[in-house]
Amino acid sequence: MSSATGLRVVVTGATGNVGTAVVRALAAEPEVASVVGLARRIPDWSPPKTRWTAVDLSSERAPLGEAFAGADAVVHLAWAFQPTHDPATTWRTNVLGSMRVFDAVAAAGVPALLHASSVGAYSPGPKDHAVDESWPTHGWPDAAYCREKAYLERALDTFERDHPATRVVRMRPAFLFQRSSASEQRRIFGGRYLPGPLARPDLLPFLPDVPGLRVQLLHTDDAADAYRLALLSAEARGAFNLAADPPVDAELLGGMLGTRRVRLPRSAARSAIAAAWGLHLLPASPHLFDAVLRLPLMDCARARTELGWRSTREATEVLEEFLEGMRQGAGAPTEPMRGRKAG
């Protein structure tokens, strides 16, 4: 796959949480000769070996063929989380836009496609033990995010059947956080007016302990390293789970923050989220909350064995960094990641 001068890699969604980390990782990799970052808006950021192209995947006229011509690999990360009240809009960007990417990869004869799937693609599963990549990927159908991720898993099944010469990698990471993503993720899930300084243990009167709320996290840089390793390995194919230890629940959070836990029924928590979402006070939908309660824990042995990948930060370190970023209004020099301290 590699040319004499190194790899030419195209990254979609290159200015978001995962995209910025992947661009940094690839720009620092000696075997990568150049990175083409695709984004709707050109950022005020100039990493080494990187040039930018403005592309809107929701448009049928997106110039993907031109962008992919001569590429050794496409890393497809572009994703829209909002508007959560208009799933048809996110479907156009996330699903139809991804289908355009897949078609353009095939038309350009790109040798490798690395796709950002997610733990959200998985069907409901256990919280007391981890599952491997063979667990069904039918998502939680009521949540747009999970529905879209699961649909694209089926689309990739068809793509692999029809284009066996293209090496396809599906990354299924846990929830991804880094310091510089704090402002973006606060806006996506909590709303643009949620005060970042509220992310302080001394301001939490108690910590809601909701049955089933046990999830895995990962630092975005660790996810980016998995993409780098999969890109460099000509043998890497298929799905890879990515997560850090330990799983995060109310008990771990309570101990970490020094905050007492109060048991809260699922129905009460969901009703509060549904009311806030219905009033457009909270971007995160109750349907996503339902999905999170049912997501399985993931076994990451395949990534460790076949890619030589390891998470370098524990989940508690990831959370501490992210909460500090929220308090300080941390961000990055791209439009999606711009910092803003609210409150």
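Evaluating A342 against the criteria (1) under 19 Å from the mean Cα position of the chain (by Cα); (2) at pLDDT below 90; (3) part of a loop (DSSP other than H, G, I, E, B) leaves one unmet condition, (1). Checking each residue in segment 237-281 for being in contact with a Lys or Arg (Cβ under 6 Å, 6 or more places away or on another chain) and farther than 25 Å from A224 by Cβ picks out D249, A250, G254. Of all residues in segment 92-123, exactly one satisfies the criterion of being assigned to a helix (DSSP H, G or I), over 19 Å from P63 (Cα atoms) and either among the hydroxyl-bearing types (S, T, Y) or free of Cβ contacts under 8 Å to residues at least 60 places away in the same chain (or both), namely A121. Determine, yes or no, whether S285 is of a type in the set (S, T, N, Q), under 17 Å from G139 (Cβ atoms) and touching a residue at least 60 places away in the same chain (Cβ under 8 Å). So S285 passes the test. The residues listed here are F81, F102, F68; of these, the one that is at pLDDT below 95, aromatic (F, W, Y) and either over 20 Å from M337 (Cβ atoms) or surrounded by 17 or more Cβ atoms within 10 Å (Cβ to Cβ) (or both) is F81.
Taken over segment 126-164, the criterion of being crowded, with 18+ Cβ neighbours inside 10 Å, in contact with a strand residue (DSSP E or B) (Cβ under 8 Å, 6 or more places away or on another chain) and part of a helix (DSSP H, G or I) is satisfied by L152, E153, L156, F159. If you check A269 against the conditions, is it crowded, with 16+ Cβ neighbours inside 10 Å and part of a helix (DSSP H, G or I)? For A269, the condition - crowded, with 16+ Cβ neighbours inside 10 Å and part of a helix (DSSP H, G or I) - is met. Can you find a residue in segment 38-56 that is in contact with an Asp or Glu (Cβ under 6 Å, 6 or more places away or on another chain), on the phi < 0 side of the Ramachandran plot and surrounded by fewer than 19 Cβ atoms within 10 Å (Cβ to Cβ)? Looking through segment 38-56, at least one residue is in contact with an Asp or Glu (Cβ under 6 Å, 6 or more places away or on another chain), on the phi < 0 side of the Ramachandran plot and surrounded by fewer than 19 Cβ atoms within 10 Å (Cβ to Cβ). Note on segment 253-266: residues that are surrounded by 14 or more Cβ atoms within 10 Å (Cβ to Cβ) and either over 27 Å from the mean Cα position of the chain (by Cα) or among the hydroxyl-bearing types (S, T, Y) (or both) amount to 3.
Taking first residues from segment 147-172 that are touching a residue at least 24 places away in the same chain (Cβ under 8 Å) and over 14 Å from D103 (Cα atoms) and partners that are in a helix (DSSP H, G or I) and of a type in the set (V, I, T), the Cβ contacts under 7 Å between residues at least 6 apart in sequence or on separate chains come to E148/T90; E148/V95; Y151/V95; R172/V119. Apart from one condition, A291 fits all of (1) surrounded by fewer than 16 Cβ atoms within 10 Å (Cβ to Cβ); (2) touching a helix residue (DSSP H, G or I) at 6+ places or on another chain (Cβ under 7 Å); the exception is (1). Restricted to segment 84-99, and to residues there that are farther than 23 Å from L7 by Cα and of a type in the set (G, A, S), the residue that is surrounded by the fewest Cβ atoms within 10 Å (Cβ to Cβ) is A88.
In segment 295-304, is there at least one residue being surrounded by 17 or more Cβ atoms within 10 Å (Cβ to Cβ) and assigned to a strand (DSSP E or B)? Yes, because at least one residue in segment 295-304 is surrounded by 17 or more Cβ atoms within 10 Å (Cβ to Cβ) and assigned to a strand (DSSP E or B). The helices (runs of 4 or more DSSP H) falling completely within segment 1-91 that include 3 or more residues that are in contact with a helix residue (DSSP H, G or I) (Cβ under 9 Å, 6 or more places away or on another chain) and more than 22 Å from G120 (Cα to Cα) map to 17-27, 64-68.
Residue-wise test of (1) over 22 Å from I188 (Cα atoms); (2) polar (S, T, N, Q); (3) touching a strand residue (DSSP E or B) at 6+ places or on another chain (Cβ under 8 Å).
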site: P43; (1), (2), (3): no, no, yes
site: P47; (1), (2), (3): yes, no, yes
site: D56; (1), (2), (3): no, no, no
site: G65; (1), (2), (3): yes, no, no
site: A69; (1), (2), (3): yes, no, no
site: A73; (1), (2), (3): yes, no, yes
site: L77; (1), (2), (3): no, no, yes
site: Q82; (1), (2), (3): no, yes, no
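The residue pairs whose first member lies in segment 199-223 and is farther than 19 Å from A332 by Cα and of a type in the set (D, E), whose second member is modelled with pLDDT of 90 or more and assigned to a loop (DSSP other than H, G, I, E, B), and whose beta carbons are closer than 7 Å, counting only pairs six or more residues apart or on different chains, are D209/L264. The residues listed here are G308, G339; of these, the one that is under 28 Å from D44 (Cβ atoms) and surrounded by fewer than 18 Cβ atoms within 10 Å (Cβ to Cβ) is G339. Working carefully through the options V110, V32, V11, find the one that is among the aliphatic types (A, V, I, L, M), surrounded by 15 or more Cβ atoms within 10 Å (Cβ to Cβ), within 16 Å of the chain's Cα centre (by Cα) and modelled with pLDDT of 95 or more. Only one candidate passes the filter, namely V11.
The values are calculated or read from the model by the stated rules, or taken from the named source; none is laboratory data. Note that the structure is predicted; figures quoted are calculated from it, not measured. Note: ideal-geometry Cβ built from the backbone for every residue, glycine included; neighbour counts use all protein chains shown.
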